[in-house]
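S.K.: Please find one structure pasted underneath; my questions will follow.
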Amino acid sequence: MALYSEKVMDHFLHPRNVGVIEDADAVGEVGNAKCGDIMKMYLKIKDDIVEDVRFETFGCGSAIASSSMATEMIKGKPLSEVKNLTNKAVTEALDGLPAHKIHCSVLAEEAIHSALDDYYRRRSETEKASD
Amino acid sequence: MNIYADHAATTAMSEAAIDAMTRCMREEYGNPSSLYKIGQRAKEVLEQAREDVASVIGAEPREVYFTSGGSEADNQAIRSAALAGKKKGKNHIISTAFEHHAVLHTLEQLKAEGFEVTLLDVHENGVVRPEEVEAAIRPETCLVTVMYANNEIGTIQPIREIGAICRARQVLFHTDAVQAAGPLAIDVQAENIDYLSASAHKFHGPKGTGFLYARKGVPLIPLINGGAQEKNRRAGTENLPGIVGMAAALKETVALRDAEAARLTKLRDRLIEGLKEIPHSALNGDAEKRLPGNVSFCFEGIEGESLLLLLDEKGISASSGSACTSGSLDPSHVLLAIGRVHDVAHGSLRLTLGRENTPEDVEYIISAVKNVVSYLRGFSPVWRDLQSGKTPFIL
Ligand SMILES: Cc1ncc(COP(=O)(O)O)c(C=O)c1O
Ligand SMILES: [Zn+2]
């Protein structure tokens, strides 16, 4: 049996939404080089909907495939839905991951949540500024 | 396209070994301990294999004990020397920080049993310094265990010098020669080796078979108790087909050795030269004191597992010391021991060339690795930060 499912390999070999959004409305970065995986998510948000999303990942097959899958799952979705995205849902969409690889995939959920935090922080700052 | 470049992990069995094994399985089914002719013939085959193996390392046949592989041989040698030491009140063992886990985990266990263990520095070039071995020896030192050549970075250790020091200081000396036995010429007499571990599957023999050389007179206790096989040092009916396959593979490897060493060294150096063209990369371990087929690199800004998966897609089998390939959070202890920081150690690649590899393979590997490294760097946030100057390059 192969290490990864066909779905994982598909997302790993042909990652969706790779890259950077220069004028992103939100950026989330999680992980560190010490533990081995780093993920960065860029969001373009309009009317509380994720209009566009891009990612950059330093990491293993599991980390890259999870990033790719997670971007597909949130693209075009309202923030109310995006904030409920879980690692479990990402893993299931990938037809599962080996047990010791789950911890790498958690970063996708964390990166998106970190980007949302960034978005709300930026919004409250502009609201304050315009007060 | 299929290029196997992971000969340090294991090797394909040679036709000579397969032939010897199948012949043995068909014709020599007897138990070497039985007194009738079929048994005694099996016994002869067993002892012939022992002679063949012994002659390769300059040992006497009775100093060779067949085991289930390198791990068992390491465990048995270290435990035997440690227990004998303990009886004399000697509870200190010297080893190195980058041994195989078969050695390190055995030492961990001995530590829990009250032994004191000194792990010597292997320095940036991955080579132990004999004078540091000498300086670490104390009156209560019962064993020095230093690997012959490292399995990840391929560096060859100054075994002869260490052997001489241990002999002069009357300390037992074990070497894990799993990566060296076969490709390198070894003489246990000239090098003052008391114990040596080897494993058949690293030199085109079968898996699950190896041997321990134990100089006559050194302590040797069984790990497996039972029958009187292997002079009471290793119970259990002998794995005769495996042992015969190992002997055939070893003989063949030794016959090809000098020509292969010269050929592989050339391929290795070409591969190193090609990979060095990748910016912000570095060879791991000494460039000269290394096994003929070993190439180990770190590439900054990328992670090893994804590198391996993409190389696999291109038909190249290789390995890495990244955390994600080991299933733990830490990258290889070998890379950390030569001073590679975590960030860099995650981006490691080990290519170990062997008998089937050709110059064309090497050129293909060079272009594939260049390709994959630059592809992965293309969407690595770590690489972005390095390139923009946000974090400084290490390599
Ligand atoms: C240096 C070294 N020691 C010990 C071993 C273990 O050998 P075996 O797999 O035969 O138990 C290996 C093989 O992975 C090795 O490379
Ligand atoms: Zn990972």
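S.K.: With touching a residue at least 12 places away in the same chain (Cβ under 8 Å), within 14 Å of another protein chain (Cβ to nearest Cβ) and of a type in the set (A, V, I, L, M) as the only criterion, which of A:89, A:99, A:63, A:93 stands out?
M.R.: A:63
S.K.: A further question on this structure: Of all residues in the range B:318-346, how many are part of a loop (DSSP other than H, G, I, E, B) and either within 15 Å of ligand 1 (Cβ to nearest atom) or more than 9 Å from every other protein chain (Cβ to nearest Cβ) (or both)?
M.R.: Of the residues in the range B:318-346, 7 are part of a loop (DSSP other than H, G, I, E, B) and either within 15 Å of ligand 1 (Cβ to nearest atom) or more than 9 Å from every other protein chain (Cβ to nearest Cβ) (or both).
S.K.: Follow-up. Tell me, which residue of the range B:188-247 that is of a type in the set (S, T, N, Q) and crowded, with 23+ Cβ neighbours inside 10 Å is farthest from residue B:173 (Cα to Cα)?
M.R.: B:209
S.K.: In addition: Of the residues that make up the range A:37-52, is at least one within 16 Å of ligand 2 (Cβ to nearest atom) and either surrounded by fewer than 22 Cβ atoms within 10 Å (Cβ to Cβ) or among the β-branched types (Val, Ile, Thr) (or both)?
M.R.: Looking for residues that are within 16 Å of ligand 2 (Cβ to nearest atom) and either surrounded by fewer than 22 Cβ atoms within 10 Å (Cβ to Cβ) or among the β-branched types (Val, Ile, Thr) (or both), one finds at least one in the range A:37-52, hence yes.
S.K.: So, in the range B:285-296, of the ones that are surrounded by fewer than 24 Cβ atoms within 10 Å (Cβ to Cβ) and touching a residue at least 12 places away in the same chain (Cβ under 8 Å), which residue ends up nearest to residue B:339 (Cα to Cα)?
M.R.: Here the residue is B:286.
S.K.: If you check B:194, B:187, B:176, which single one turns out to be charged (D, E, K, R) and within 8 Å of ligand 1 (Cβ to nearest atom)?
M.R.: Just a single option satisfies the conditions, and that option is B:176.
S.K.: Right, here's the next one. List the pairs whose first member sits in the range B:221-233 and is outside any loop (DSSP other than H, G, I, E, B), whose second member is surrounded by 11 or more Cβ atoms within 10 Å (Cβ to Cβ) and polar (S, T, N, Q), and whose Cβ atoms are under 8 Å apart, counting only residues at least 6 apart or on separate chains?
M.R.: Going by the 8 Å Cβ cut-off, the qualifying pairs are B:229/B:33; B:229/B:237.
S.K.: Any chance the range B:89-98 includes a residue that's within 24 Å of residue B:225 (Cα to Cα), basic (Lys, Arg) and assigned by TED's automatic domain parsing to the domain that holds residue B:149?
M.R.: Checked the range B:89-98: no residue is within 24 Å of residue B:225 (Cα to Cα), basic (Lys, Arg) and assigned by TED's automatic domain parsing to the domain that holds residue B:149.
S.K.: Same structure, new question: Of (1) out of contact with any Cys (no Cβ under 8 Å at 6 or more places or on another chain); (2) touching a residue at least 12 places away in the same chain (Cβ under 8 Å); (3) more than 18 Å from residue B:200 (Cα to Cα), residue B:64 satisfies all except one. Which?
M.R.: (3)
S.K.: Sticking with this one: Are there any pairs, at least 6 apart or on different chains, whose C-beta atoms fall under 8 Å, with the first in the range B:260-283 and under 15 Å from residue B:154 (Cα atoms) and the second assigned to a loop (DSSP other than H, G, I, E, B) and of a type in the set (Gly, Ala, Ser), and if so, which?
M.R.: B:264/B:293; B:264/B:354; B:267/B:293; B:268/B:293; B:272/B:287
The values are calculated or read from the model by the stated rules, or taken from the named source; none is laboratory data. As the structure is a computational prediction, the values presented were derived from the model and not from experiment. Using ideal geometry, Cβ is built from the backbone for each residue, glycine included, and neighbour counts are taken over all protein chains shown.
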